[in-house]
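Just below is one structure, and these are the notes that go with it.
The values are calculated or read from the model by the stated rules, or taken from the named source; none is laboratory data. No experiment lies behind these values; they were computed from the predicted model shown. All Cβ positions, glycine included, derive from the backbone under ideal geometry; neighbour counts span all protein chains shown. Quick note on the areas: whole protein, heavy atoms, side chains included, nothing else; ligands and nucleic acids left out. Shrake-Rupley method; radii C 1.70, N 1.55, O 1.52, S 1.80 Å.
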Amino acid sequence: MTPPKCTICKAKKTYFPVQVVLPSYNLKLCREHFLEWLEGRVAHTIKKYRMFTCEDKILVAVSGGKDSLGLWFLLHRLGYEADGLYIDLGIPEYSAESREHAQTLANRLGRTLHVVDMREELAPIGEMRNWTRKPPCSVCGTVKRYYMNRIAREKGYTVLATGHNLDDETAVLWNNTLHWNMEYLAKQYPVLAAQGPFLKKVKPLCLVSEKESALYTIFNRISYVKPECPYSTHASSLENKRFLQQLEEARPGTKITFYTGFLKNLSPLLHEPLKSTGVSLALCKVCGEPTTTEICFLCQLKQKMGKI
Ligand code: SF4
Ligand code: ZN
Ligand code: ZN
């Protein structure tokens, strides 16, 4: 059987084998045109949502996984000035491997990788359960948000980019819709504007699926951590992702339609009215970072551990 031809170059390069089939877009692309198509798509997303320009100093939060490392590489390819931030959670083996992949890419790009080591700052993420009832993923989320914002601001970056992809965004959207969590729905957007001590946050891969993101990283020979974080099995977002993937396989394009439909139709209605009802923020009396309580969660933990 003759292999299907690339939708773009079939006339010129019929010998090129098709490597990527994208039923959601009715496209079959060779490696070269897949990379070009994906980079163009992300460049368009950055412009459409006014994420940043070449004047910005961008910090990419890298976990050592395919999405964040692929994003860092892609921004570099598009000509943006971007450095990386890696938060070492102190998870045996997993963190050391992730950190190594992040450093390898930093060396390849010739860019700076800032590292925060939780073993020095507080304790390994797995040990924090001795000091708080919050589950590891909840603590991890708070810790990451705290350091991402703090390091980016202290080092003079103007925007913080994360590798959230379409599958992440639709899983969150699905969960928030199921529970009609209007406050979270109002906040879900590819860009969060800078507000007081909070830096501007952007998600340039929000329209790129997990599969597309993985292929981009593999085709560019970027090494990334393969095993999942050992705590991820408890995350309910995985169940939502599996469910949405089943729908996607039955009806290609379900995820992108769901997410872009939300951004176009519902998000503008929710954004403004709920904006003013947001919780009021103060600055932590100990570290000066934004918090909803008198002393932020991290400083409370440090106090319990006798670190301050
Ligand atoms: Fe952090 Fe949970 Fe993700 Fe692991 S799975 S990196 S603990 S949020
Ligand atoms: Zn082609
Ligand atoms: Zn604090």
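In terms of the Cα gyration tensor, with a ≥ b ≥ c the square roots of its eigenvalues, is the stretch 54-189 rounded because a/c is under 1.5, prolate because a/b exceeds b/c, or oblate?
On the way: a/c = 1.74, a/b = 1.13, b/c = 1.54.
Oblate is the answer for the stretch 54-189, as a/c is 1.5 or above yet b/c matches or exceeds a/b.
Taking the inverse of the average 1/r across all pairs of different Cα atoms in the stretch 206-253, what Kirkwood radius in Å do you get? Spell out each step's value before the answer.
Details: mean 1/r = 0.0787 Å⁻¹.
Hydrodynamic radius (Kirkwood, Cα pairs) of the stretch 206-253 is 12.7 Å.
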Placing each pseudo-label 7 Å from Cα in the direction of the beta carbon, E39 and T112 end up separated by a distance in nanometres of 2.6
Quick one: if you take sqrt(5λ) for each eigenvalue of the C-alpha gyration tensor of the chain, what semi-axes come out, biggest first, whole angstrom? 34, 23, 19
Which lysines have a Cα less than 28 Å from the Cα of K155, not counting those fewer than 8 places away in the same chain? K47, K48, K57, K66, K144, K187, K200, K201, K203, K285, K302, K307
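Over the chain, average the accessible area per residue using a 1.4 Å probe and give it in Å², no decimals. Kindly include the intermediate steps, with their values, before the conclusion.
Working: 16440 Å² over 308 residues.
Roughly 53 Å² per residue, with all protein chains present.
Once you charge only the Cβ atoms, +1 for Lys and Arg and -1 for Asp and Glu, what is the size of the charge dipole of the stretch 126-285 about its Cα centre, to the nearest 20 debye? Intermediate results must be reported in sequence, preceding the final value.
Details: 22 positive and 13 negative charges, 118 e Å.
It works out to roughly 560 debye.
Please give the calculated 222 nm ellipticity per residue for the chain, where each DSSP H segment of at least 4 residues contributes -39500 (n - 2.57) and the sum is spread over every residue; nearest 500 deg cm²/dmol? Let's see the in-between values first.
On the way: 12 runs with 137 residues, N = 308.
Taking each H run of at least 4 residues, the total per residue is -13500 deg cm²/dmol.
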As computed over the stretch 125-255, the Cα convex hull volume per residue (Å³): 157
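About its Cα centre, what dipole magnitude does the chain give when the only charges are +1 on Lys and Arg Cβ and -1 on Asp and Glu Cβ, stated in debye to the nearest 20?
On the way: 42 positive and 30 negative charges, 109 e Å.
Its charge dipole is roughly 520 debye.
Using only the alpha carbon atoms of the stretch 167-221, find the Kirkwood hydrodynamic radius as the inverse mean reciprocal pair distance, in angstroms to one decimal. List each step's numbers first, then the result.
On the way: mean 1/r = 0.0765 Å⁻¹.
Value: 13.1 Å, from the Cα pair sum.
Could you compute Rg(Cα) / (2.2 N^0.38 Å) for the stretch 43-124, with N its residue count?
Numbers: Rg = 13.7 Å, N = 82, 2.2 N^0.38 = 11.7 Å.
For the stretch 43-124, the normalised Cα radius of gyration comes out at 1.17.
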